[in-house]
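All remarks here apply to the structure that follows.
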Number of protein chains: 2
Amino acid sequence: MIDDTAARAQVVDAADRLFYARGVQAVGMDAVRTEAGVSLKRIYKLFPSKDDLVVAVLECRREVWNAGIAATAERAGTARGKLLAVFDFLDAWFREPDFRGCAFINVYGELSGGSEQVQRTVREQKEAFGAYVAQLVREAGAPASLAPQLAILAEGAQTTAAISGTPDAAAQARTAAEVLLAAALD
Amino acid sequence: MIDDTAARAQVVDAADRLFYARGVQAVGMDAVRTEAGVSLKRIYKLFPSKDDLVVAVLECRREVWNAGIAATAERAGTARGKLLAVFDFLDAWFREPDFRGCAFINVYGELSGGSEQVQRTVREQKEAFGAYVAQLVREAGAPASLAPQLAILAEGAQTTAAISGTPDAAAQARTAAEVLLAAALD
DNA sequence: TTGCGATGAGAACGATCGTTCTCTAGAGTA
DNA sequence: TACTCTAGAGAACGATCGTTCTCATCGCAA
């Protein structure tokens, strides 16, 4: 038998795949159990309710997102380069064949009237990203008002790419970000 | 008894309120029937399935959106002014107490794995908005590449405002749009 | 070997969903 | 008046949901 840590990872992984592809409400716990290969009893011991599982999935997504952003930023030397690297990261993400938009936005739209804990997790993720951008804007020596503008561009690129089905929005948002950066740094 | 046109309007109106506030999947047809005051039999005569009702609700939202955008644009003289007016429209919308984000984005996130007709309706709305912005950009004498950038700003403002729970994103996006417009019109 | 606690597989439960059906009442027509 | 058609109210249906329960099985201490 596998230990709790491994079982937990398998369940979160399977749930993430299913929830992201089909939506949370369209996926039953039975499907999660089949995909994960972990019994329902064990799943409910690890996650007392489906909401807890959704939160765990989002927290896992946050780790992946942060790691991806950090890896792309590392290849850039300046703070300005790190800010633009966000859009390169988005570009690569949008080109993945199973891209279906930002999981946080999707879940928020689906469960906005429901679990309050899920809403909080989504909000925290967006706030953390905003804080990351704000830190880089400070380092770049640009006025603080630039940060939310760049964050809005990244947000808009994600929903536009999801709905249009093309990755074009990443490059378009990057170009806009360059203009805003140039104007702010004059 | 009311005629079909009035019954249809009542059902769409009630469904819109419920779907927007709680999500499509969280609202049963029984709740729509109670809110609309129209019998289930009649609802299913007007809309053969729940998906058809969702599409009708989205089409109604599109009319309201287009009318609101047009009304705000009318108060601006120039094409540049009409482009910025989009963000004034968003600002007023975000301040409404029951604002919960863009209904099209919410529905897309919720049913992305489901009805293909719903997906098409969402995509058409976003394409139509993009075409509207592109037309104004042309009239303003700016390069065509500006249009998707402004559309992405509007899109990002909507999701940011929904998740953050504040209307700030409208003004931030408007400021960014002014910078992009100034740079494009040099 | 015996007894015990935990596990996996999946049946079972109560609720709710989208959709259809039944039954009754009333309007219009000859 | 008698007949027909439609609509409303809501029960009914089969499916599916999240969650819990049953039961056979296994590892392991004494």
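The values are calculated or read from the model by the stated rules, or taken from the named source; none is laboratory data. All of these numbers come straight from a predicted model, not from anything done at the bench. Ideal geometry is used to build each Cβ from the backbone, glycine not excepted, and the neighbour counts take in all protein chains shown. All accessible areas refer to the heavy atoms of the entire protein, side chains included, with ligands and DNA or RNA removed. Shrake-Rupley method; radii C 1.70, N 1.55, O 1.52, S 1.80 Å.
Take the residues of region B:107-123 that are among the charged types (D, E, K, R) and free of Cβ contacts under 8 Å to residues at least 60 places away in the same chain: which is farthest from the other protein chains (Cβ to nearest Cβ)?
B:Glu116
Tell me which of these B:Ser49 doesn't satisfy, since it passes every other one: (1) within 16 Å of DNA strand D (Cβ to nearest atom); (2) among the hydroxyl-bearing types (Ser, Thr, Tyr); (3) within 14 Å of another protein chain (Cβ to nearest Cβ).
So the condition that B:Ser49 fails would be (3).
Output the helices (runs of 4 or more DSSP H) that fall wholly within region B:24-96 and possess 1 or more residues being hydroxyl-bearing (Ser, Thr, Tyr) and more than 22 Å from B:Val107 (Cβ to Cβ), or say none. Talk me through it step by step, then tell me what you get.
Working: elements: B:29-36, B:40-46, B:50-74, B:79-94.
Here the list reads B:50-74.
Of the residues B:Phe89, B:Phe99, B:Phe104, which single one is touching a Gly at 6+ places or on another chain (Cβ under 6 Å) and more than 7 Å from every other protein chain (Cβ to nearest Cβ)?
B:Phe89
Given (1) facing chain B (nearest Cβ under 8 Å); (2) under 26 Å from B:Glu127 (Cβ atoms), identify the lone condition not met by A:Ala182.
A:Ala182 satisfies all of (1) facing chain B (nearest Cβ under 8 Å); (2) under 26 Å from B:Glu127 (Cβ atoms) except (2).
Could you check, for region B:3-13, whether at least one of its residues is touching a residue at least 12 places away in the same chain (Cβ under 8 Å), in contact with a Phe, Trp or Tyr (Cβ under 8 Å, 6 or more places away or on another chain), assigned to a helix (DSSP H, G or I) and within 16 Å of DNA strand C (Cβ to nearest atom)?
yes
Being open to solvent by less than 20 Å² (accessible area, probe 1.4 Å), under 22 Å from A:Asp98 (Cβ atoms) and within 10 Å of DNA strand D (Cβ to nearest atom) narrows it down to one residue among A:Val11, A:Val27; which is it?
A:Val27
Right, B:Ala85: touching a residue at least 12 places away in the same chain (Cβ under 8 Å) and under 20 Å from B:Gly130 (Cβ atoms) or not?
When the stated conditions are applied, B:Ala85 passes them.
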